[in-house]
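The structure appears below as structure tokens.
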Amino acid sequence: MSAVIGWIKEHLLLTIYFGVSTILILIVVLYLLLELPNKGNSNEDTIEQLISENEKVMDTDIVNEDEQKVLEKNEGKIVIELKGAIVHPGIYEVKSGDRVSDAITQAGGFLENADDRTINQALLVTDQMMIYIPEKGEEVIEESYTDVPTTEENKRKININQAEQAELIELHGIGQAKAQAIIDYREENGVFKSLEDINNVSGIGDIIFENIKDSIMVD
């Protein structure tokens, strides 16, 4: 009798052991079945994110390359304005190193009634330069490549301590960018104490100063 009981206990323990083991195995299998798809989705999301970031980098490289091409294309370009007795007055883009004669040729040349005696055609052009070609018999202020007819308005000096952009661009060789630079300098450093102080403004050099010094004042 004791032998039978011992046999039953032994087989019962084995049955419980194998039952528990089977349950544990099933739990592990179910966990793997449920977790693997999520990992697959995570991997897919990671791959898509890497592809997206790579595309952004490529797009940035393309934009930077396009900007560089634009800069290279515009390098050495100068924009000037031609007025007066010229075939095609207007704004022109010329190359660095071009002279006034090159710009005049690009604009179609002089009109028949043009007075070129006061024009220095050998002068190198600078960015934002305005070249005025007077007519024969037209009174001009002085011999200069930016001469304009003498009028009461032209004789009026511009106060660089008070003038707005619209007034400043009336000065020879001063475009919108340089006019704004004068205003910005004035706001940051205070009023100009002398005419020569305008040379401290970025973009205003000796040539421009010589052209405008008789047309400006400080007050």
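Computed values, structure above
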{"read-out": "Search result, residues across the range 152-191 that are among the small types (Gly, Ala, Ser) and either assigned to a helix (DSSP H, G or I) or over 13 Å from Ile212 (Cα atoms) (or both)", "value": "Ala163, Ala166, Ala177, Ala179, Ala181, Gly190"}
{"read-out": "Scan of the range 173-192 for residues that are on the phi < 0 side of the Ramachandran plot and either touching a strand residue (DSSP E or B) at 6+ places or on another chain (Cβ under 6 Å) or not hydrophobic (A, V, I, L, M, F, W, C) (or both), ordered by number", "value": "Gly175, Gln176, Lys178, Gln180, Asp184, Tyr185, Arg186, Glu187, Glu188, Asn189"}
{"read-out": "Odd one out for Ser96, checked against (1) more than 21 Å from Ile204 (Cα to Cα); (2) open to solvent by 20 Å² or more (accessible area, probe 1.4 Å)", "value": "(1)"}
{"read-out": "Residue within the range 193-211 that is modelled with pLDDT under 90, touching a strand residue (DSSP E or B) at 6+ places or on another chain (Cβ under 9 Å), of a type outside the set (A, V, I, L, M, F, W, C) and surrounded by 17 or more Cβ atoms within 10 Å (Cβ to Cβ) present", "value": "no"}
{"read-out": "Checking Asn189 against (1) exposed (fewer than 14 other Cβ atoms within 10 Å of the Cβ); (2) closer than 17 Å to Val79 by Cβ, the condition it does not meet", "value": "(2)"}
{"read-out": "Filtered residue count, the range 102-126, keeping only those that are open to solvent by 20 Å² or more (accessible area, probe 1.4 Å) and touching a helix residue (DSSP H, G or I) at 6+ places or on another chain (Cβ under 9 Å)", "value": "8"}
{"read-out": "Filter result for Ala114 (out of contact with any Leu (no Cβ under 8 Å at 6 or more places or on another chain), in contact (Cβ under 8 Å) with a residue 24 or more places away in the chain and of a type in the set (Gly, Ala, Ser))", "value": "yes"}
{"read-out": "Residue that is modelled with the lowest pLDDT, among those in the range 96-136 that are within 18 Å of Glu210 (Cα to Cα) and outside any loop (DSSP other than H, G, I, E, B)", "value": "Thr118"}
{"read-out": "The range 192-203: number of residues that are within 17 Å of Lys213 (Cβ to Cβ) and either in a helix (DSSP H, G or I) or free of Cβ contacts under 8 Å to residues at least 24 places away in the same chain (or both)", "value": "7"}
{"read-out": "Residue match in the range 64-72 (condition: closer than 30 Å to Glu138 by Cβ, at pLDDT 55 or above and acidic (Asp, Glu))", "value": "no"}
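For (1) free of Cβ contacts under 8 Å to residues at least 24 places away in the same chain; (2) over 21 Å from Tyr132 (Cβ atoms), each residue gets a yes or a no:
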site: Asn159; (1), (2): no, yes
site: Leu168; (1), (2): yes, no
site: Lys178; (1), (2): no, no
site: Ala181; (1), (2): yes, yes
site: Arg186; (1), (2): no, yes
site: Gly190; (1), (2): yes, yes
site: Ile208; (1), (2): no, no
site: Ile212; (1), (2): no, no
site: Ile216; (1), (2): no, no
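The values are calculated or read from the model by the stated rules, or taken from the named source; none is laboratory data. What you see is a predicted model; the values in this text were computed from it and never measured. Methodologically, a virtual Cβ is constructed for each residue, glycine included, from the backbone with ideal geometry; neighbour enumeration extends over all protein chains shown. Note: areas computed on protein heavy atoms with side chains; ligands, DNA, RNA excluded. Shrake-Rupley method; radii C 1.70, N 1.55, O 1.52, S 1.80 Å.
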